[in-house]
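Input: a single structure, listed below in structure tokens.
The values are calculated or read from the model by the stated rules, or taken from the named source; none is laboratory data. Being a predicted model, the structure only gives us computed values, none of them experimental. With ideal geometry, Cβ positions are generated from the backbone for all residues, glycine too; neighbour counts draw on all protein chains shown. The accessibility values were calculated without ligands, DNA or RNA, using every heavy atom of the protein model including side chains. Shrake-Rupley method; radii C 1.70, N 1.55, O 1.52, S 1.80 Å.
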Amino acid sequence: MTSTALKEPVRENSPGAARELRRRPGRIRRIGLPYLLLLPALLLELLVHLVPMVIGIVMSFKELTQLYIRDWGSAPWSGLGNYKVSVDFDAPVGEALLHSFFVTIGFTLLSVGLCWLIGTAAAVFMQDTFRGRGLLRALFLVPYALPVYAAVITWVFMFQHDNGLVNHVLHDQLHLTGKPSFWLIGDNSFYALLVVSVWKGWPFAFLIVMAGLQNIPKELYEAAALDGAGVWQQIRRITLPSLRPVNQVLVLVLFLWTFNDFNTPYVLFGRSAPEAADLISVHIYQASFVTWNFGTGSAMSVLLLLFLLVVTGVYLLFTSRGRRAADV
């Protein structure tokens, strides 16, 4: 025991132990540096998203109207009253919300489907080498690069009834309609909103799919061509299966962006969207800032958040199962 006790201090004071002690602060700094660099982004995320989200959830349980704007903390608690009003589909508020929800569902499915279809077709077409391909790629990305407000305001002028470009082409030049159409009111407003959304969103799908196509080996297409596979068979058997991981993420992002889109309908129609184009984002805005019932509007926002969380979770669950089945 005496020899062991005498050896321990020698081991602690050895040059190797001293070097290890000197290395520990540097190792701690290296480990903590990534978290230190992420700290500003985390703080901004907390201030910009999480704190307003928590405040919105609290507001959904209050009878917050224009009478309590100056001191919303003093508004009386309503419990689940705002949620009951929102989901009472026999009452005017719930019926209007349900109608807006179905309009948004139909609009989102059509917009996402067309954006993906046009973007994928354009990306596959741009894989071939031809003169002017770089210029055409840049032109394809112009709608995505333009500021939303400037682009949508341009479409507002184009959809004008008397002197708009759309009516001039369809009615005056092509004679496809019997009379000039009203595109920003009535049932046609849905198609006008869909056109603007697809025009604005398909370049993003084009960009993502084009990036995914770069990872597909050209040898696969050459081997398929030697086996007698045509262009459609190559797209069906090689391109689409290889793009499945990219498309899964792309479709989810497009769905969330389109479902939550507020800028496009607000700039296109103003504060009061037509019934045919009453997207749920604008509907919640009207319930909050037009009728001054912030409690009901916050409850609708929370319900929308829950719906999107459920849809995202189910989508990720099914896509993950599909990937596992494909790997097996």
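When all alpha-carbon pairs of the stretch 35-159 are counted, what percent fall beyond 23 Å? Can you show the working numbers first?
Details: 5180 of 7750 pairs.
That tail contains 67 percent of the Cα-Cα pairs.
What accessible surface, in Å², does a 1.4 Å probe find on ILE238, ignoring ligands, DNA and RNA and rounding to the nearest 10?
About 20 Å², ignoring ligands and nucleic acids.
Scan the stretch 70-132 for chymotrypsin sites (Phe, Trp or Tyr not before Pro) in coil per DSSP, keeping those whose Cβ has at most 10 other Cβ atoms within 10 Å, and list them by number.
Answer in residue order: PHE130.
How tilted is helix 244-259 with respect to the longest principal axis of the chain? Cα atoms for both, answer in degrees (0 to 90, nearest 10).
60 degrees
In debye, nearest 20, what is the charge dipole magnitude of the stretch 94-277 about its Cα centre with +1 on Lys and Arg Cβ and -1 on Asp and Glu Cβ, if you could check?
Dipole size: approximately 420 debye.
If you scale each eigenvalue of the Cα gyration tensor by 5 and take the root, what three semi-axes come out for the stretch 139-251, rounded to whole angstrom and sorted largest first? Display every interim value, and only then the final one.
Numbers: eigenvalues 310, 63, 28 Å².
Ellipsoid semi-axes (Å, largest first): 39, 18, 12.
Helix 2-12 versus the longest principal axis of the chain: what angle, 0 to 90°, nearest 10, using Cα atoms?
40 degrees
Note down the relative contact order for the chain as a percent, whole number, built from C-alpha pairs under 8 angstrom at least six residues apart.
Taking the mean separation of contacting Cα pairs over the length of the chain, I get 25 percent.
Regarding the stretch 50-102, what's the average projected area of the Cα-atom convex hull, expressed in nm²?
4.5 nm²
Rank LEU165, ASN188, PRO274 by how far each Cα sits towards the positive end of the charge dipole of the stretch 94-277 (+1 on Lys, Arg Cβ; -1 on Asp, Glu Cβ) and give me just the farthest.
LEU165
Looking at the chain, identify the longest residue range that excludes and avoids all trypsin sites (Lys or Arg not before Pro) in DSSP loops having at most 12 other Cβ atoms within 10 Å.
Working: sites that count: ARG70, ARG131, ARG271.
It runs 132-270.
I need the phi-derived Karplus couplings for the stretch 280-294: 6.51 cos²θ - 1.76 cosθ + 1.60, θ = phi - 60°, integer Hz, Gly and Pro marked x.
5, 5, 6, 5, 5, 4, 5, 5, 9, 9, 9, 8, 6, 10, 6
Please give the net charge around ALA122, taking every other residue with its beta carbon less than 14 angstrom from that of ALA122, where Lys and Arg add +1 and Asp and Glu add -1.
That sum, taken over residues with Cβ under 14 Å, equals +1.
For LYS62, which sequence-distant residues (separation of 5 or more, or a different chain) have an amide H within less than 5 Å of its own amide H, given hydrogens modelled in the peptide plane?
Correct list: SER78.
Under 5 Å between amide hydrogens, which residues at least 5 positions from ASP88 or on another chain qualify, with H placed 1.01 Å from N in the peptide plane?
The list, which skips near neighbours in sequence, is GLY94.
Just the accessible area per residue of the stretch 94-277, please: how many Å² with a 1.4 Å probe?
Solvent-accessible surface per residue comes out at 56 Å².
Once you charge only the Cβ atoms, +1 for Lys and Arg and -1 for Asp and Glu, what is the size of the charge dipole of the chain about its Cα centre, to the nearest 20 debye?
Working: 25 positive and 20 negative charges, 386 e Å.
In total the dipole reaches around 1860 debye.
So what is the orientation-averaged projected area of the chain, using the convex hull of its C-alpha atoms, in nm²?
Computing the convex hull of the Cα atoms and averaging its projections yields 33.0 nm².
Above 19 Å lies some portion of the pair distances; for the stretch 226-328, what is it as a whole percent of all C-alpha pairs?
61 percent
I'd like the chymotrypsin sites (Phe, Trp or Tyr not before Pro) in the stretch 225-279 restricted to DSSP loop residues with at most 15 other Cβ atoms within 10 Å, sorted by number.
PHE262
Per residue of the stretch 125-140, in order, report the coupling 6.51 cos²θ - 1.76 cosθ + 1.60 (Karplus, θ = phi - 60°) as ³J(HN,Hα) in whole Hz, putting x for Gly and Pro.
Per-residue couplings from phi come out as 5, 6, 6, 6, 8, 8, 5, x, 5, x, 5, 5, 4, 5, 5, 4 Hz.
Explain nothing, just compute: Karplus ³J(HN,Hα) = 6.51 cos²θ - 1.76 cosθ + 1.60, θ = phi - 60°, for every residue of the stretch 85-99 in order, whole Hz, x for Gly and Pro.
Values per residue, Gly and Pro as x: 5, 5, 9, 7, 6, 8, 8, x, 5, x, 5, 5, 5, 5, 4 Hz.
Accessible area of the chain with a 1.4 Å probe: how many percent of it is carbon plus sulfur?
67 percent
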